[in-house]
Amino acid sequence: MTTILGVSCLYHDAAAAVVRDGEIVAAAQEERFTRKKHDRRYPEAAIAYCIDQIGGAEALDAVVFYEDPVLSLDRILKNAIELAPATGKTWAAAARSQLGQSLNVAERLRQILPPRAGDNVFFVDHHLSHAASAFYPSPFREAAIVVADGIGEWASTTIAAGNDRTVTPLRQIHYPHSLGLLYSAVTYHCGLKVNSGEYKLMGLAPYGEPRYADLILDRLVDLREDGSYRLDTAFFGYLDSEAATNAAFEELFGCKRRDPEAPITIDYMDIAASAQAVVEEAMFRLARRALRDAESRNLCLAGGVALNCVANGRLLQRLSNLDHIWIQPASGDAGGAVGAALELAHSQFGAARHAGVEHGRDGMRGSLLGPAFGSADIEAALKAKGLVYHRVESRATHDEAVAQALVEGLIIGRFDGPMEYGPRALGNRSILADPRRPDGQSYINQRIKFRESWRPFAPVVLADKAAEIFETEHDSPYMLLIADVRPELRRGEVDWHAFRDGTGDMMSVLNEERSTLPAITHVDYSARLQTVDAEGNPAFHRLMTAFYRLTGCPVLINTSFNVRGEPIVCTPEDAVACFINAGIDLLAIGDFLVFKHEQPEEIRRLEGTMQYEPD
Ligand SMILES: [Fe+2]
């Protein structure tokens, strides 16, 4: 029995994971504990949680970091020398963080280990960590793997082959050529935040037309048939400045970077649509190449670009030599913690595979790998704030009450079981609502999330009913695929002419009912789908079933339990604070039900009073 702690930090989302004899025991992102979104610092709290789950650090045999700091420093040094003197300002900070902090992480990890584990501190390459996180927990005995992100040490794109207990990199594309950095540059140009706004850019794309796609392919990226590509670095700022783009980039698109507070005009929607089209084409060619090189019909994805569920969905639609796809739910850098630990478990310690390769289930346990809380903790948090609550120990009664509240139009905060690992809430830390409500999208965006009202919500659907609502044959347990709403459920056509030639006001389009489930249907009839079955998350499946019995509707709106700018809630205290501040009507937390309308006036008055930094 070998127990390994994996850690990712310093660049993007910090996280820790613990793997015992090849099986993932626990994993969590640091931001959930520190309440600082995308926290990248050494994940002290996440490590403490993971160690607690194995009964203490005495149980550890090895620790592993998700990248090789020496290789990263190599890249920073070479980049600085090649582009000097332009890099004079940026390189010192980059080198300092790489040299000082990475070595410091190694030392801190060494100190965690018990004496019997000696010096078992390991490093796994960044892209090998991603590739391992995509393959080992997948339900496949063999698969092709594509990793695409902003940047690792040198690699930005990797094609690899997974076979039972090995992952073998086959080809790589290196910095400064990077699909992730291209997408981030467009995110930046559209006035959205780099490293978090990419998901919003994907949501913006369907409002636009890809009229700049040829321009991007002609001038910014030389994308070849075999999936390889090169960027023209003259248009990007990230090599020698803090900005993702430069004046040449703005000149090429004929518009300045959008002021983050300014309205989004049609030009930016079209640029978003164009970048999305290019990324979809690039991922298509990479995946096609990977399937050929690995001689497989199974595909595994990881890296930040793999969170682009629209591009993922297109792969299934377009690739005739693809039978099955599996995408690591923590595809961003947080997932490197699990990947590094799994790679070490297999390459150094001969661990067994724990994914259900024989019976088709993956090894992520629904990605429900974070902290869980018992009734005593929950009740203490409710009492501490003086909330009025009901304890309902019968789960059937509890589910029926929540389902009934959903039918009545209440917005539910659901907090139950272990927290999700990865950026999406999958039911256990979720805000739920009835998707049939005509104004659901703008209503919930304004009332709960305080976020941009043009952003659509994701649907969660009972897996065995998914094909009745959506054009899909594939499970999407982690909300990482899109599918179109079935034609017979669609309503009307969006009047694009009026929208594009008129005011360009997204709200006019948004208020049109596009299907019988308006709140989850995007303007192009797509939906970011999550499927739930009884094995993946039994308690959530039972609640969904209770709602289905009442309504005949197997779908709910599922959005993460947080407000804009705040990480997803982790503890009962976080959930209570969010319930009080946001327009949540009913908090369904463990065995408890907490109705907003039953709360004392001084609590109800606090709704909407807390301010968060825009994300
Ligand atoms: Fe990465």
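Readers should treat all values here as calculations from the given coordinates under stated rules, not as data from a laboratory. Computed from a predicted model, the values in this text were never measured in an experiment. Neighbour counts are summed over all protein chains in view; Cβ atoms, including those assigned to glycine, are modelled from backbone coordinates with ideal geometry.
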**Prompt:** With point charges of +1 on the Cβ of Lys and Arg and -1 on the Cβ of Asp and Glu, referenced to the Cα centre of the chain, which listed residue (G303, Y268, V7) lies farthest in the positive direction of the dipole?
**Reply:** V7
**Message:** Can you give me the distance in nm between label points at V70 and Q111, each placed 7 Å from the Cα along the Cα-to-Cβ direction?
**Reply:** 2.4 nm
**Asked** So how far, in whole Å, is the C-alpha centre of the range 18-59 from the one of the range 308-331?
**Response** 29 Å
**Prompt:** With charges set only on the Cβ (+1 for Lys and Arg, -1 for Asp and Glu), what does the dipole of the range 375-604 come to about its Cα centre, in debye to the nearest 20?
**Reply:** 320 debye
**Fill in**
Extend 7 Å from the Cα of A352 along its Cα-to-C-beta direction; within the range 9-27, residues with backbone N under 15 Å of that point are 20-24
**Complete:** With R₀ set to 35 angstrom, the calculated FRET efficiency between the beta-carbons of R219 and A498, to the nearest 0.05, is 0.65
**Item:** Packing rank of 602-608, 588-594, 334-340, where each peptide gets the mean count of other beta carbons within 10 Å, highest leading
**Value:** 334-340, 588-594, 602-608
**Fill in**
Of the candidates Y42, S515, N195, the farthest towards the positive dipole end of the chain (Lys/Arg Cβ +1, Asp/Glu Cβ -1, centred on the Cα centre) is Y42
**Asked** Once whole DSSP H runs in the chain are found, which of them have Cα atoms spread over 24 Å or more along the helix axis and a mean Kyte-Doolittle score of at least -0.5?
**Response** 266-293
**Request:** Any of K36/K385; K78/K256; K36/K465 with alpha carbons more than 27 Å apart? Name them for me.
**Result:** K78/K256; K36/K465
**Prompt:** Which net charge results when you count Lys and Arg as +1 and Asp and Glu as -1 among the other residues whose beta-carbon is under 12 Å from that of S133?
**Reply:** -4
**Request:** Grab the DSSP H runs of the chain that are 4 residues or longer, score each as -39,500 (n - 2.57), total them, divide by all residues and round the 222 nm result to the nearest 500 deg cm²/dmol.
**Result:** -9500 deg cm²/dmol
**Item:** Backbone N under 18 Å from the R549 label point (7 Å along Cα→Cβ), restricted to the range 392-419
**Value:** 392-408
**Prompt:** At what distance in nm do the modelled label points of H174 and L103 sit from each other, each positioned 7 Å from its Cα along Cα→Cβ?
**Reply:** 2.4 nm
**Asked** Using the Cβ atoms and a cut-off under 9 Å, what net charge is assigned to the surroundings of A273, where Lys and Arg are +1 and Asp and Glu are -1?
**Response** -1
**Request:** Express in nm, to one decimal, how much length is gained between A48 and D119 on full extension, taking 0.36 nm for each residue of separation and deducting their alpha carbon distance.
**Result:** 23.6 nm
**Item:** the range 60-67 - phi-based ³J(HN,Hα) in whole Hz, Karplus 6.51/-1.76/1.60, Gly and Pro as x
**Value:** 7, 9, 7, 10, 9, 9, 7, 8
**Request:** Provide the gained length on full extension for the span E82 to H390, in nm with one decimal, where the gain is 0.36 nm per separating residue minus the Cα-Cα distance.
**Result:** 104.3 nm
**Request:** Among F236, F470, rank each residue by its count of other Cβ atoms within 10 Å, from fewest to most, as a rough exposure measure.
**Result:** F236, F470
**Prompt:** How much length is gained if the chain between S442 and A376 is pulled fully straight, taking 0.36 nm per residue apart and subtracting their Cα-Cα distance, in nm to one decimal?
**Reply:** 20.1 nm
